[in-house]
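Data block below; observations after.
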Amino acid sequence: MLFLTRIPAAGVVSLRQGCSCAVAGVLNQPSRSNSSSSSPTPPNRRTPLELLQDKLSRGEIRPDPHQNQITEALQKVYDSIQGYEPPKPTGGIGKWFGFKARKAEKVEAPKGLYIYGSVGGGKTMLMDMFYDCCEINRKRRVHFNSFMTDVHTKIHEIKSKQVRDVTSTKPQPFDPIKPVAEIITADSWLICFDEFQVTDIADAMILKRLFTYLFDSGVIVVATSNRAPDDLYKNGLQRSNFVPFIGVLKSHCNVVTLSSGVDYRTATLKGEGMHYFVKSEVDADGAMDKLFKVLCSQENDLIRPKTFTHFGRNISFAKTCGQVLDSTFDELCDRPLGASDYLQITQFFHTVLIRDIPQLNLKLKSQTRRFITLIDTLYDSRVRLVVSSDVPYKFLFSNEKPDDIHTSDEHRMLMDDLKITKDSQDASSNIFTGDEEAFAFERTVSRLAEMQSAEYWSLWEKHR
């Protein structure tokens, strides 16, 4: 058995030019940054509107007035940040230990942009065009889940370094959010978030403080989401504590919607492709075995189990070959894995085979939640995906609510821990109802459709 404890340099593949994948636990490593400083646009540098017109003239995308409106909004942000650069925080995190830090002055910054709309409309493509046009050093483009994983890692690291006076009986309050925000600001003052979503109560409870510090330090945020700001963390536990963050976000970002009603991921596909196998229609195991054999022939390794260590835990997979993982739905989604674990997988494997995906439903909320996070992570890291399932991808999720939704052992234990009764208002939170999973799965289906297509794989080969 092979044990892996570090991230190999060759383990990351990206389809977007200049895009680097997020690495779990690393906050101060810039993503997709370039080497120039903030300055007026040089004569040979294209703006977002110019880049959009160039793509249209080359036939790379279809004309879409909704996308044009979003690009105009991005152009305004682009124009507003020319010549802008907030100061870097000074002193490092050491200044937070041993004495009281001086209160920093707020930085007046241009407004960012929050783009929301249905899946496949082109939000990410337009944001990436904007990002690539911005010739600045301190910028970062990151999936929101990856960003929050990094934030929680840094909070843990900073808390572990705090030295408390054990001889004192007085309270010694310490907020690690501000030093984390300063680390982020020192690295990036322009942050582009893909898939801004809030489903975790641990994230929800710190966002207001974190983003208030970021905005006060002059950070500019551009984000894409399937949710309008007012619908973030909808029906979440203790949502009243989260709601003030929405006001903070809207006061620092203009809000626009991309509502073309077209899912370009599925509209441009030519057939089903050859990387999603429905078990009732073909010999799925045979097809997967054959494809795995072909993939193995391209690797300089043997077929063997692998184990990697992450946050002190060993995570094992029974069948791998080089950077190819042949796994099952149970291995990936029926054990307690999270976003940071899936991010780690993308560092070791450029191709993932997932066998035996069942039709998911609200009785399998934990597994469904993990599957959504897994597909988001693989897609954002541009990992190739092969799937076998009981049903076609369009029918992979059944949102029919069972009558006994609150009677599972998992639900009863969680409700008991939170002291929530079946008839209380908190019992209708999305953590129990599965409404968030049903909403997010539309995005998952759209991404699966693209990832299993021949076009996706051809593009991956082109950019190897």
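Quick note: the coordinates plus some simple rules give every number you see, no bench work behind them. Keep in mind the model is a prediction, meaning the values are calculated, not measured. For neighbour counting, all protein chains shown are included, and Cβ atoms are generated from backbone atoms with ideal geometry for every residue, glycine included.
Observations
- Each peptide among 205-211, 445-451 gets the average number of other Cβ atoms lying within 10 Å of its residues, and from highest to lowest they stand as 445-451, 205-211.
- Contact order for region 274-392, expressed relative to its length and based on alpha carbon pairs under 8 Å spaced 6+ residues apart, stands at 32 percent.
- Interchain or long-range residues, amide H under 5 Å from Val255's placed H: Tyr114
- Cβ crowding within 10 Å averaged over residues, with 305-316, 176-187 ranked highest first: 176-187, 305-316
- Integer Hz, Karplus 6.51/-1.76/1.60 couplings in order for region 184-191, x for Gly and Pro: 4, 5, 4, 7, 8, 9, 10, 10
- Of the cross-linked pairs Lys178/Lys208; Lys178/Lys234; Lys106/Lys161; Lys106/Lys159; Lys154/Lys250, those separated by over 20 Å at the C-alpha level are Lys178/Lys234; Lys106/Lys161; Lys106/Lys159; Lys154/Lys250.
- Highest average first, the peptides 123-133, 71-81, 281-291 ordered by how many other beta carbon atoms sit within 10 Å of their residues are 123-133, 71-81, 281-291.
- Built amide H within the under 5 Å cut-off of Met274, gap 5+: Ala454
- Taking a ≥ b ≥ c as the square roots of the eigenvalues of the Cα gyration tensor, region 310-408 is classed as prolate, since a/c reaches at least 1.5 and a/b is larger than b/c.
- Theoretical FRET efficiency, 1/(1+(r/R0)^6), r = Cβ-Cβ of Glu281 and Arg58, R0 51 Å, to 0.05: 0.85
- Alpha-carbon Rg/Rh ratio, for region 206-310, with Rh computed the Kirkwood way: 1.18
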